[in-house]
Amino acid sequence: MLDPGRPGVLYYPAVTAAALGVGCLDLGARANCGFFALRATGGTPSSANSMAGLVAEDGKLYGAASTGQVLCLEITDRTPCAGQPYAPVVRPNHDLPGATGSLYLGGMTTAGGKVFVSSSPQTSGSTSRQRPPWAASTRPRPRSVPGGTRRTRPAPAPPTTRTTRSPPTPLPARPTACAPRPPTADRR
């Protein structure tokens, strides 16, 4: 992500042994212009091991940690935004403890002044096996009944009327191969 106020300055998501943050390159000077830590690596049960790309919105750079948390850097003074890291907005992704440097599978973009995050966790690459609280479930939930037993709601009854369909229209017959031409007499 290029800095809008500093020509030739490029920001990129970076991970060190101790922190996730934003790295900086001055392309004009061909020099490193710093690392700005946004969150410590590690943690349990979900570990911050990596982060997804960077997007800019309203003078801030946003990234997503492998924990699903949103990280933020003020572009003008290169300091962490107040209150960040923000609460997780997507499922953790490659967040197993000790897997620092694992790639985040997902991305970020902005539209209409809002930041959108995606996450594609792999079953073997995440501590999260549950659906996040913000995801709706269509499965029936168990409910208590007198006597302490639990049961699920019965399936809805099938419809009492049936619709019938006409049989499919047959496809036209395929053309058959042409018969071979009969041999012709050699006329000389």
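Pairing residues of the range 48-59 that are over 17 Å from Val90 (Cβ atoms) with residues that are open to solvent by less than 20 Å² (accessible area, probe 1.4 Å) and in a loop (DSSP other than H, G, I, E, B), at Cβ distances under 9 Å and at least 6 apart in sequence or on separate chains, gives Ala56/Asp3; Ala56/Ile75; Gly59/Ile75.
Quick one: which of Val22, Val90 is of a type outside the set (S, T, N, Q) and either without any contact (Cβ under 8 Å) to a residue 24 or more places away in the chain or in contact with a Ser or Thr (Cβ under 6 Å, 6 or more places away or on another chain) (or both)? Sole residue among the options that is of a type outside the set (S, T, N, Q) and either without any contact (Cβ under 8 Å) to a residue 24 or more places away in the chain or in contact with a Ser or Thr (Cβ under 6 Å, 6 or more places away or on another chain) (or both): Val90. Checking each residue in the range 29-39 for being in contact with a strand residue (DSSP E or B) (Cβ under 8 Å, 6 or more places away or on another chain) and farther than 12 Å from Gln69 by Cα picks out Ala31, Asn32, Cys33, Gly34, Phe35, Phe36, Ala37. For Gly28, state whether it is assigned to a loop (DSSP other than H, G, I, E, B), open to solvent by 50 Å² or more (accessible area, probe 1.4 Å) and at positive phi. Judged against the criteria, Gly28 is not a match. Residues that are assigned to a loop (DSSP other than H, G, I, E, B), open to solvent by less than 10 Å² (accessible area, probe 1.4 Å) and not polar (S, T, N, Q) within the range 42-74 comprise just one, Gly68.
The values are calculated or read from the model by the stated rules, or taken from the named source; none is laboratory data. None of the values given here were measured: they were computed from a predicted structure. Virtual Cβ from ideal backbone geometry, glycine too; neighbours counted across all protein chains shown. Side chains are part of the model used for accessible areas, which takes the heavy atoms of the whole protein and leaves out ligands, DNA and RNA. Shrake-Rupley method; radii C 1.70, N 1.55, O 1.52, S 1.80 Å.
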